[in-house]
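Before any comments, here is the structure.
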Amino acid sequence: MKKILWWLIAGTKGGINRARIINELKERPYNAHQLSEKLELDYKTVRHHIKILEENKIITSTGEKYGTMYFLSSQLEDNYKLFEDIWKKMGEN
């Protein structure tokens with residue numbers, strides 16, 4: 001999990017936006033439209049990052065189409081401290 005988080009958050013150009021999505025989903029579930037509004041990001045940008053986070057088992061979803069809600073995966077919830085440590089080392093929070 002540690003290597004995946006470092007790559008997803010610190011090792012790629014979109015890492016900051018992925019971290020922002022994770023931070024929001026820690027507080028409550030959102031759909032992609034709600035996240036795009038909350039984070040003031042383009043809907044397609046949010047969808048792109050959601051896809052990457054889902055593929056790497058960082059977030060999970062339930063529902064269909066526009067109503068799909070996103071949550072932190074149980075794997076990330078168990079390792080959330082790792083995410084926080086990476087985020088702090090990046091100096092972004």
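Here, each number is a calculation from the coordinates, and none is a lab measurement. This is a predicted model, so every value here is computed, not measured. FYI the Cβ positions are ideal-geometry reconstructions off the backbone, even for glycines, and counts take in every protein chain you see.
Given Cα pairs under 8 Å that are at least 6 residues apart, what percent is the relative contact order of the chain? Mind showing how you got there, number by number?
Values: 93 pairs, mean separation 30.1, N = 93.
The value is 32 percent.
Using only C-alpha positions, report the orientation-averaged shadow area of the convex hull of the chain, nm², one decimal. List each step's numbers first, then the result.
Details: hull surface 21.5 nm².
Value for the chain: 5.4 nm².
Roughly what would the spin-label model give for Tyr43 and Lys57, points 7 Å off Cα along C-beta, in nm?
Distance between label points: 3.2 nm.
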